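Undergrad: Okay, handing you the structure first.
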Amino acid sequence: MDAQVETATRELSYAQAIQEAMAIAMERDERVFLMGEDIGVYGGAFQVTGDLVERFGTDRVMDTPISELGGAGVAVGAAVTGMRPIFEFQFSDFATLAMEQIVNQAAKMRYMLGGAVSVPVVMRFPAGSGTGAAAQHSQSLEAWLGHVPGLKVIQPATPHDAKGMLLAAIEDPDPVMIYEHKLLYKMKGEVPEGYYTVPIGKAEVRREGADLTIVATSIMVHKSLDAAKQLAEEGIDVEVIDLRTIRPMDRQTIIESVCKTSRLMCVYEGVKTLGVGAEISAMIAESEAFDYLDAPVVRLGGAETPIPYNPELEKATVPQVDGIVKAARDLVTGAR
Amino acid sequence: MSATAKKGAAKKDGANQPFIYRHYDQEKLRDALRKMYLIRQFEEGAEESYMRGLIHGTMHLSIGQEASAVGICLGLSDEDQITSTHRGHGHCIAKGADVSRMFAEFFGKTTGYCRGRGGSMHIADVSTGNLGANGIVGGGLPIAVGAALTAKKMKTGNVVVCFFGDGANNEGAFHEALNMAAIWKLPVIFVCENNGYGMSTSVARATAVPNIADRASAYAMPGVIVDGNVVSDVAEAMHDATERARNGEGPTLIECKTYRYRGHSKSDRNRYRTKEEIEEWMTERDPIEAFESQLMEFGVIDQNGIEEIRESVRKEIEAGIEFAKESPMPEVANLEKYVYTEQA
Ligand SMILES: Cc1ncc(C[n+]2csc(CCOP(=O)(O)OP(=O)(O)O)c2C)c(N)n1
Ligand SMILES: [Mg+2]
């Protein structure tokens, strides 16, 4: 059981779950505060902070200028000196302007100083395609940050995990980067009331199965579960693992599953090449699970292209349920 | 402005003595001179150790810039914080670090401030409020603003000093940081050590305004230009900026005009400046010489006292290098330690 103190649950959207986590954190700990562009009266580009400014005031729900690099750096500086900032990027794409502070400063400060400091900053990244926002507002660059020792990178897929993992991130002494798929914001799910945490670095088996392991991230967890349902009707029994954290990766859960099913498919929205699936595949190739494989590993990732505007093209850019069903069927029946 | 105080320009007992003589006791001033010597001899010692192959990598020496580091840190406590730069040895010492542990860091030893993980470019002593040098030009600017945000939120009454070079003022981070510090009225003092060049590129070639301090008006904060080789001038500007910061009036940008004697780093062939220029600064405007003659003029110290300081610093440096040499190397098995915070 993930949750430490679970009470009654009710249905909340993913965005509401995040908002609730931030409110609880701010109530529990006066060091916690929010920073970001238009997160105050506007409520955030995706209404994740919503009306929090009314409850906590502008000192704790701070609008920043349009200064991603500077803003991220301010959050890092505040974290190092004793605060617990949560920094929202308006779109994850804009983190490219702040890579300096994330990669060179936040991730390395503890190490460079030989353990003299910790950097308990949380950064939130609304990511992913499907909104028609085209190439500069739709990317999934989580693998960039997953490549950086010193960071922790999480991708909660459900409202329950969004709240619990955000609360865990705030407790965490190190920088935690949260990738939130924009299409998940409206998704509803059961969310416990009150405080609870979901551990960072633990994958979750969402569906047990015997024929094939799908390791999926973020929104692809739901697409993979839909695909698994269809495949079950054909007699193909799919196990779906929600990776939840890409750094540090829960290798054991994946290895155990592949040892059981003997087949592995990775489904993620980021560009396929050099992405999360490459790491999972290589990790399996290096592990004891390799001997159990009955078929080549398959990766379904984003196309090797920027995200296009046209909705049909946009859909074709990232894995969809039909594609997952077909790839899984081919893999299990040996058609490939 | 001349670096050497003109004879008779200020009366020994008069109210028109330079700032530090009115504001600090003699002990403090002698200690300031000692710190300047400590910085210079530390860097000479580091340079020599580097030449002898005891230190690897590279380093950026601030010899010639000691007055700015010491003048800025003179009135700060350990609780006041600084962010530093790649040319940060002076800042670290001025803020109160122990040179033995600094040498140990340069030698890559476990007893170093960063346990051998940081080296010269990441030298830090968090216990005396130094949040660290930085390998990224402009990297410390937003972090300093964040530290100042903490000070404001926690109402600590502390100030944060952000050191940076003239080259850094053309980074976006500089502009974003100054703007945020100003809109939120944060207790941070931006200190530009303008030594005339960013590597080989002169300020005139790289920066559209003649003075870095001219940028301050764009962020509605005072921009103060001082002779960065005159301790008292630096300390006075810093004093005013600190008052302003502690009173909640927000940030100040201080530009210390100074000069580095050595090359940019260990790879510099000095093709972008003349020998004459370097000579002139070294002979006419040396910050330590200037400070010494001023201290003597105002009767704070005599030649014997100066000799004593030099000698005691020499011993401290020698002992520091010895300590570094004898300290243990980190174990390779601990390579991945300190990437993440160890949790119980
Ligand atoms: C972002 C970045 N760009 C370039 C460099 C390489 N570099 C290191 S120091 C330096 C010059 C910096 O000049 P300035 O800010 O004036 O400081 P100074 O070296 O004169 O003390 C350069 C170009 C770097 N470390 N970081
Ligand atoms: Mg310079």
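Nothing in this text is a laboratory measurement; each read-out follows from the coordinates by a stated rule. It should be emphasised that the depicted structure is a prediction, and the values quoted were computed from it without experimental measurement. Glycine gets a Cβ as well: all are built from the backbone with ideal geometry, and neighbour counts include every protein chain shown.
Undergrad: Can you compute the FRET efficiency between A:ALA285 and A:ALA316 using 1/(1 + (r/R0)^6), with r the Cβ-Cβ distance and R0 = 35 Å? Round to the nearest 0.05.
TA: Values: r = 29 Å, r/R0 = 0.83.
Calculated value: 0.75.
Undergrad: Could you work out [θ]222 nm for chain B from helices alone, using -39500 (n - 2.57) per DSSP H run of at least four and dividing by all its residues? Round to the nearest 500 deg cm²/dmol. Walk me through the numbers on the way to the answer.
TA: On the way: 12 runs with 144 residues, N = 344.
Only helices count here, giving -13000 deg cm²/dmol.
Undergrad: Another question about this same structure. For A:VAL205 and A:GLU11, what does the FRET efficiency come to when R0 = 22 Å and r is the distance between their Cβ atoms, rounded to the nearest 0.05?
TA: 0.45
Undergrad: Right, here's the next one. Using every pair of alpha-carbon atoms in region B:23-327, split the distances into 20 Å bins beginning at 0 and state the percent of pairs per bin, rounded to integers.
TA: Percent of pairs per bin, in order: 36, 60, 5.
Undergrad: Also, I was wondering about something else. Over all residues in B:120-132, what is the mean tally of Cβ atoms on other chains that come within 10 Å of each residue's Cβ?
TA: Details: counts 0, 1, 6, 2, 6, 2, 5, 1, 0, 1, 2, 7, 7.
That average works out to 3.
Undergrad: Kindly flag which residue pairs out of A:LYS108/B:LYS35; B:LYS152/B:LYS257; A:LYS108/B:LYS109; B:LYS28/B:LYS152; B:LYS155/B:LYS185; A:LYS229/A:LYS326 have an alpha-carbon separation exceeding 21 Å in this structure. Walk me through the numbers before you get to the answer.
TA: On the way: A:LYS108/B:LYS35 30 Å; B:LYS152/B:LYS257 30 Å; A:LYS108/B:LYS109 19 Å; B:LYS28/B:LYS152 29 Å; B:LYS155/B:LYS185 13 Å; A:LYS229/A:LYS326 13 Å.
Going by Cα-Cα distance, A:LYS108/B:LYS35; B:LYS152/B:LYS257; B:LYS28/B:LYS152 fall outside the 21 Å limit.
Undergrad: Quick one: P(r) of region A:110-255 from all Cα-Cα pairs, 5 Å bins, percents rounded to integers, in order of increasing distance.
TA: Whole-percent P(r) values from 0 Å outward: 2, 9, 17, 20, 19, 15, 10, 5, 2, 1, 0, 0.
Undergrad: A further question on this structure: Relative to the longest principal Cα axis of chain A, at what angle does helix A:321-333 sit, 0 to 90 degrees, rounded to 10?
TA: 40 degrees
Undergrad: Which order, highest average first, do A:27-35, B:51-59, A:230-238 follow once you tally other Cβ atoms within 10 Å for each residue and take the mean per peptide? Show your work: numbers first, answer last.
TA: On the way: A:27-35: 18.2, B:51-59: 13.8, A:230-238: 15.9.
Ranking the peptides A:27-35, B:51-59, A:230-238 by packing returns A:27-35, A:230-238, B:51-59.
Undergrad: Per residue of B:137-144, what is the mean number of Cβ atoms on other protein chains within 10 angstrom of that residue's Cβ? Each step should come with its number before you reach the end.
TA: Values: counts 0, 3, 7, 3, 5, 14, 14, 4.
So the per-residue partner count for this stretch is 6.
Undergrad: If I model a spin label at A:ALA134 and B:ALA220 as a point 7 Å from the Cα along the Cα→Cβ vector, what separation in nanometres do I get?
TA: Each label point lies 7 Å from its Cα, and together they span 3.5 nm.
Undergrad: Provide a whole-number value for the mean count of partner chain Cβ atoms within 10 Å of the Cβ atoms in peptide A:143-155. Write out the running numbers ahead of the final one.
TA: Details: counts 0, 0, 0, 0, 0, 0, 3, 3, 2, 1, 0, 0, 0.
Counting Cβ atoms of other protein chains within 10 Å of each residue's Cβ and averaging gives 1.
Undergrad: Show which lysines lie in cross-link reach of A:LYS182 when reach means a straight Cα distance below 17 angstrom and same-chain residues fewer than eight apart are skipped.
TA: A:LYS163, A:LYS223, A:LYS315
Undergrad: Cα-Cα pairs above 13 Å in region A:270-336: how many percent?
TA: On the way: 1532 of 2211 pairs.
Roughly 69 percent, once rounded to a whole number.
Undergrad: Something else: Which one, A:ILE18, A:GLY146, A:HIS160, is farthest towards the positive end of the dipole of region A:9-192 when Lys and Arg carry +1 and Asp and Glu -1 on their Cβ?
TA: A:GLY146
Undergrad: To continue, here is another question. Would you work out the charge dipole size for chain B about its Cα centre, treating the Cβ of every Lys and Arg as +1 and the Cβ of every Asp and Glu as -1, and quote it to the nearest 20 debye?
TA: Values: 39 positive and 48 negative charges, 140 e Å.
That gives a dipole near 680 debye.
Undergrad: In units of 2.2 N^0.38 Å, what is the alpha-carbon radius of gyration of the protein assembly as shown?
TA: Details: Rg = 28.5 Å, N = 680, 2.2 N^0.38 = 26.2 Å.
Taking the Cα Rg and dividing by 2.2 N^0.38 Å, one obtains 1.09.
Undergrad: Can you work out the base-10 log of I(q)/I(0) for region A:9-192 at q = 0.16 1/Å, using the Debye formula on its C-alpha atoms alone?
TA: Log10 of I(q)/I(0), two decimals: -0.92.
Undergrad: What would the Debye equation give as log₁₀ I(q)/I(0) for region B:13-147 at q = 0.11, 0.12 Å⁻¹, counting only Cα atoms as equal point scatterers?
TA: Values, matching the q order: -0.40, -0.47.
Undergrad: Rule-of-thumb check for region B:38-92: C-alpha Rg over 2.2 N^0.38 Å? Don't skip to the answer; put the middle values down first.
TA: Numbers: Rg = 12.5 Å, N = 55, 2.2 N^0.38 = 10.1 Å.
So region B:38-92 has a normalised radius of gyration of 1.24.
Undergrad: Among DSSP beta bridges lying fully in the protein assembly as shown, give the percent that are antiparallel, nearest 5. Working shown, then result.
TA: Working: 13 of 67 bridges.
Among the beta bridges of the protein assembly as shown, antiparallel pairing accounts for roughly 20 percent.
Undergrad: For B:LYS153, give me every one of the aspartates and glutamates with a C-alpha distance below 12 angstrom, ignoring sequence neighbours fewer than eight places off in its own chain.
TA: In chain and number order, the partners are A:GLU30, A:ASP59.
Undergrad: Turning to a different aspect of this structure: Is any residue of region B:135-167 close enough, with backbone N under 17 Å, to a label point placed 7 angstrom from the Cα of B:ARG205 along the Cα-Cβ axis, and if so, which?
TA: It comes to B:166-167, nothing else.
Undergrad: So, one more: What are the semi-axes of the equivalent ellipsoid for region A:141-204, taken as the square roots of 5 times the Cα gyration tensor eigenvalues, largest first, in whole Å?
TA: Working: eigenvalues 83, 46, 14 Å².
Taking √(5λ) for each Cα gyration eigenvalue gives 20, 15, 8 Å.
Undergrad: Of A:ILE255, A:LEU274, A:GLY235, which is farthest along the charge dipole of region A:233-285 in the positive direction, counting Lys and Arg as +1 and Asp and Glu as -1 at C-beta?
TA: Farthest along the dipole direction, towards plus: A:LEU274.
Undergrad: Where does chain A land at 222 nm, in deg cm²/dmol rounded to the nearest 500, when only DSSP H runs of n ≥ 4 count, each adding -39500 (n - 2.57), divided by all residues?
TA: Mean residue ellipticity at 222 nm (helix-derived): -10000 deg cm²/dmol.
Undergrad: Then there is this: Count the DSSP beta bridges whose two residues both fall in chain A, then state the antiparallel fraction as a percent rounded to the nearest 5. Could you put the intermediate results ahead of the total?
TA: Working: 10 of 43 bridges.
So the antiparallel bridges amount to about 25 percent of the total.
Undergrad: Roughly what percent of Cα-Cα pairs across region B:196-338 reach past 24 Å? Write down the numbers at each step before the final one.
TA: On the way: 5951 of 10153 pairs.
Summing the P(r) of region B:196-338 above 24 Å gives 59 percent of all pairs.
Undergrad: To continue, here is another question. Using θ = phi - 60° and the Karplus form 6.51 cos²θ - 1.76 cosθ + 1.60, what ³J(HN,Hα) does each residue of region A:74-81 get, whole Hz, x for Gly and Pro?
TA: 3J(HN,Hα) across region A:74-81, in whole Hz: 4, 4, 4, x, 5, 5, 5, 9.
Undergrad: State to the nearest 20 debye the size of the charge dipole of the protein assembly as shown about its Cα centre, where the only charges are +1 on K and R beta carbons and -1 on D and E beta carbons. Each step should come with its number before you reach the end.
TA: Numbers: 69 positive and 95 negative charges, 129 e Å.
Rounded to the nearest 20 debye, it is 620 debye.
Undergrad: Please quote Rg/Rh for region A:204-333 to two decimal places, taking the Kirkwood radius as Rh and restricting both calculations to Cα atoms. Could the numbers behind the result be given before it?
TA: Details: Rg = 13.8 Å, Rh = 14.5 Å.
When Rh is taken as the Kirkwood radius, the ratio is 0.95.
Undergrad: Under 16 Å from the Cα of A:LYS186, which aspartates and glutamates turn up, not counting those fewer than eight places away in the same chain?
TA: Here the aspartates and glutamates satisfying the reach criterion relative to A:LYS186 are A:GLU11, A:GLU20, A:ASP161.
Undergrad: Cα extents of chain A along the three principal axes, largest first, in whole Å?
TA: Principal-axis extents of the Cα atoms in chain A, largest first: 59, 44, 43 Å.
Undergrad: Throw me the Rg/Rh for region A:1-92, computed over C-alpha atoms with Kirkwood Rh, two decimals.
TA: For region A:1-92, the value is 0.99.
Undergrad: Another one. Taking the Cα atoms of region A:48-125 alone, what are Rg (to one decimal) and Dmax (as a whole number) in Å?
TA: Over region A:48-125's Cα set, Rg and Dmax evaluate to 13.0, 41 Å.
Undergrad: In what sequence, highest mean first, do B:242-251, A:9-18 appear when ranked by Cβ atoms within 10 angstrom?
TA: Going from most to least packed, we get A:9-18, B:242-251.
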